[in-house]
Amino acid sequence: MSVNQNYWQANLCVEMKPVPNLMVIFGASGDLTRRKLIPALFNLYRRELFHEASRIVGFSRTPMSDDGLRESIREFLPAAAPREVEKFLAKIYYVYGEYDSPESYRKLGTRLKDIEEKPSPELNRTFYLSTPAALYPMIVPRLAESGLTAENFEGKPWRHVILEKPFGYDTESAEELDRMLHQSLQERQIYRIDHYLGKETVQNILMLRFANIIFEPVWNNAYIDHVQITTAETVGVGSRAGYYDRAGQLRDMFQNHMLAMLSLVAMEVPVTLDADGMRDEQLKLIRSIQPISLAELDKYILRAQYVEDDKLPGYRSEPGIRANSQTETYAAAKLFINNWRWRGVPFYLRSGKRLKRKVSEIAITFKHVPHSIFPQLTSSELEPDVLVLNVQPEEGMALSIQAKQPGPRLCMGKLTLKFNYADTFGGNIPEAYERLLLDSMLGDQTLFIRSDIIAASWRLFTPVLEAWQANAVPLYTYKAGSEGPDEANRLFGKTGYFWREL
Ligand code: BG6
């Protein structure tokens, strides 16, 4: 089966009415702003999801004029749409100052008033901290002291702050960051980004599970054998050695993106799809994950680092990485969820850098049929059905089932029913940031991570990180550009299953 335009009826759209917003971006001269945020805001503008009265104000330490910022941004916007680009750029302003100087915040406040005076005196304000996380404890209190994040009782107009990960380094530092944020802001003002939640295919998990009846009855331990969640990348650490060598793959990908995907696949039906409806269920799910047994660590989780291959350098030879670094660039885990639905079903998670292929997917393997009526084939010889949710790069999903091959003989084989976003929607899939920025401007926290979810995920992984830090278990190796360490297959024990091929 393939789905094409003729079969697709987009007749059920949830209306999204943009509201006027002043988006203040801290770290405006940085890469994230130019490469991701501004193009995403421009796309929203083109789709008429950026309110006419909305404005963007960049703030950073580099002395520059409004035009200076506009020029530095222009090359990241499509050259083929010059008129729209000009109109959009005219909505962008710039203020420079020091992140720790109260005077700079006063200057920013005065400029914001001036700017918003023209379209509307009562714009909502969103402060996007596109700076290193180390600066949050400097910026957030200054914003609050200067009154820039003060809201009235009803939170109208609102003052929101968007933050990028890392949200701490372990349980303790995450709690400290949280305390710092809550001294200045209320939880409803804090928008913590996990860009995986902005991905179309990740959001589609909710539609698949909760807008269809056929999956729910089999979505449990009676029918599902195991689930594999993979995020594999071909890139190494690039220019982020300073951050990454201290963080490693478990902090960088598991504590956030991997658990976000796991929670959407495994959580119960939310009461409503509003922010707390969904996040309550995600939290419940993460809290139900069985703590990883430190006594048998190697049985449940392992770490590895890539080494040189003929063409690719090893991790320790990458620029900026310590020559004796023990940082993992790959991690794989087997997790169990202690609730009625999932008791006994292993969830295998793996994530690594410098692997053979870039792929993010969730593969759900169903159980074998209980009994085979086909001569010469036992039930365990009949391949189980597998539903794969392809998050990227080939966004879509695929269901493999058994089917009869045409012909007089009884021949059975695997048939894959495929749906591919690019074939159906022409590959025009919005970037994760587009959706997240839109939601932040609508005041919708559903796809942003709540403080208690972060705390629960750190509680799960911090003991493992501490054991790794103490070198209590081996650091395996794998060749750059490979499938990952051979040892990762040990997690499957004698089940007869292995990691899916990348
Ligand atoms: C980021 C990690 O959060 O996600 C990066 O810090 C990683 O190390 C990236 O490369 C992967 O995102 P994506 O969208 O390319 O899968």
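The values are calculated or read from the model by the stated rules, or taken from the named source; none is laboratory data. Source: prediction; values computed, not measured. Cβ coordinates were reconstructed from backbone atoms using ideal geometry, including for glycine residues, and neighbour counts include every protein chain displayed. Ligands, DNA and RNA are excluded from the accessible area calculation, which covers all protein heavy atoms including side chains. Shrake-Rupley method; radii C 1.70, N 1.55, O 1.52, S 1.80 Å.
Over the chain, with every protein chain in place, what whole percent of the accessible area is carbon and sulfur at 1.4 Å, could you tell me?
Solvent-exposed carbon and sulfur of the chain make up 53 percent of the total.
Report the label-to-label distance for Lys113 and Asn489 in nanometres (one decimal), using points 7 Å from each Cα along the Cα→Cβ vector.
6.9
Work out the charge dipole of segment 275-348 with +1 on the Cβ of Lys and Arg and -1 on the Cβ of Asp and Glu about the Cα centre, then indicate which of Ala275, Trp340, Tyr315 is farthest towards its positive end.
About the Cα centre, the residue reaching furthest to the positive side is Trp340.
With a 1.4 Å probe and all protein chains left in place, how much accessible area per residue does the chain have, in Å²?
Normalised by residue count, the accessible surface of the chain is 47 Å².
Sort 410-416, 134-140 by packing, meaning the average of other beta carbons within 10 Å per residue, with the highest value first.
Answer by packing, highest mean first, reads 134-140, 410-416.
Charges on Cβ only, +1 for Lys and Arg, -1 for Asp and Glu, centred on the Cα centroid of the chain; of His160, Leu89, Pro474, which one is farthest towards the dipole's positive end?
Farthest towards the positive end: Pro474.
Please work out the FRET efficiency for the pair Glu98 and Gln290, using the Cβ-Cβ distance as r and a Förster radius of 41 Å; give the result to the nearest 0.05.
So, using R0 = 41 Å, E works out to roughly 0.30.
Please report, to one decimal in angstroms, the Kirkwood hydrodynamic radius of segment 303-388 built from all distinct Cα-Cα pairs. Write out the running numbers ahead of the final one.
Values: mean 1/r = 0.0594 Å⁻¹.
Answer for segment 303-388: a Kirkwood hydrodynamic radius of 16.8 Å.
Please report Rg (one decimal) and Dmax (integer) in Å for the Cα set of segment 256-403.
So, for segment 256-403, Rg and Dmax equal 19.4, 61 Å respectively.
Under 8 Å for C-alpha pairs, at least 6 residues apart: give me the relative contact order for the chain, rounded to a whole percent.
Averaging sequence separation for qualifying contacts and normalising by length gives 18 percent for the chain.
Looking only at the chain, where both bridge partners belong to it, what percent of the DSSP beta bridges are antiparallel (to the nearest 5)?
55
Round to the nearest 10 and give me the degree value, 0 to 90, for the angle of helix 136-145's Cα axis relative to the longest principal axis of the chain.
In the chain, helix 136-145 runs at an angle near 40 degrees to the longest axis.
Report, ordered by chain and residue number, the lysines lying within cross-link reach of Lys358, taken as a straight Cα distance under 27 Å and ignoring same-chain residues fewer than 8 apart.
The reachable lysines, counting only those whose Cα sits under 27 Å from Lys358, are Lys36, Lys165, Lys199, Lys299, Lys311, Lys334, Lys414, Lys418, Lys479.
With +1 on each Lys and Arg Cβ and -1 on each Asp and Glu Cβ, how big is the dipole of segment 270-325 about its Cα centre, in debye rounded to the nearest 20?
Taking the Cα centre of segment 270-325 as origin, the dipole is about 200 debye.
For segment 270-289 and segment 141-165, what is the separation of their Cα centres, given in Å?
25
Quick check on segment 49-135: what does the Kirkwood estimate of hydrodynamic radius come out to from the alpha carbon pairs, in Å?
14.3
Please report Rg over Rh for segment 108-174, where both radii come from the alpha carbon positions and Rh follows the Kirkwood definition. Please report the intermediate quantities before stating the final value.
Details: Rg = 14.1 Å, Rh = 13.5 Å.
Answer for segment 108-174: 1.04.
Among Ile224, Gly496, Ala79, whose Cα lies farthest out toward the positive end of the dipole of the chain, if unit charges sit on the beta carbon of Lys, Arg (+1) and Asp, Glu (-1)?
So the residue furthest toward the plus end is Gly496.
How are the C-alpha pair distances of the chain spread across 10 Å bins, as whole percents from the shortest bin up?
3, 17, 27, 26, 17, 7, 2, 1, 0
To the nearest 20 debye, what charge dipole does the chain have about its Cα centre, counting +1 at the Cβ of each Lys and Arg and -1 at the Cβ of each Asp and Glu?
Details: 60 positive and 63 negative charges, 124 e Å.
Its charge dipole is roughly 600 debye.
Could you let me know the centre-to-centre spacing of segment 40-83 and segment 311-345, using Cα atoms, in angstrom?
Going from one Cα centre to the other spans 38 Å.
Might you report the magnitude of the Cβ-based charge dipole of segment 182-256 about its Cα centre, with Lys and Arg at +1 and Asp and Glu at -1, to the nearest 20 debye?
For segment 182-256, the charge dipole is close to 240 debye.
Could you order peptides 373-381, 100-108 by the average number of other Cβ atoms within 10 Å of their residues, highest first?
Values: 373-381: 10.3, 100-108: 15.3.
Sorting 373-381, 100-108 by mean packing, highest first, produces 100-108, 373-381.
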